Amino acid sequence: MPASFSGTWDMISNVNFEGYMIALGISSNLRKIALKLKQRKVIEQQGDLFIIKTLSTFRNYTISFKVDCEFQEFTKGLDNRHVKSLVVWQDNKLVCEQLGEKKNRGWAHWIEDDKLHLELYCEGEVCKQVFKKSANE
Ligand code: 1AG
């Protein structure tokens, strides 16, 4: 059993978010705002059921899914695309494939050294984010 992802996680690093956003076609004005944000993840996990909230002072984004069950995702407030998403376990990694207009798009979450790791993929760009458990829990 992988470690529980549940909890509130605060961003401590964000590498190549710019490259990922360029691959998604985000405008330079929006990228400038987005780059400054300290994102927070609030995750509720019950077995294979997940609610993942990405919070910031500028915009919030929430998805909910069950592992191994395909779902339609609309990336509202991000790049505003419709994708067909599927999240699976690959060992202790939660891996999502987002099928749509953009090639090789998806992400992977895992827990390592009490930190929440996230890689975001789009058309060969990789953004690496790390979050630590919030001080409030
Ligand atoms: C994700 O994580 C990404 C969640 O699905 C949001 C993270 C980065 C933003 C993605 C693209 C940038 C597009 C536009 C920039 C505008 C606003 C930035 C707002 C950032 C906070 C919402 C995987 C998983 C949950 O953790 O979906």
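Nothing in this text is a laboratory measurement; each read-out follows from the coordinates by a stated rule. Keep in mind the model is a prediction, meaning the values are calculated, not measured. Cβ placement follows ideal geometry from the backbone for every residue including glycine, while neighbour counts extend to all protein chains displayed.
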Revision key, fill the gap. Distance in nm between Asp48 and Lys32 label points, each 7 Å along Cα→Cβ, equals 4.6
Practice item. Take the Cβ-Cβ distance between Lys76 and Ile12 as r, set R0 to 25 Å, and report the resulting FRET efficiency rounded to the nearest 0.05. Key: 0.45
Practice item. Work out the P(r) tail for the chain: percent of alpha carbon pairs separated by more than 18 Å, whole number. Key: 54
Study note, to complete from the structure: With a Förster distance of 25 angstrom and the Cβ-Cβ distance between Arg59 and Asp91, calculated FRET efficiency to the nearest 0.05 equals 0.20
Check your understanding: Hey, what did the chain get for relative contact order, percent, Cα under 8 Å, at least 6 apart?
Key -> 26
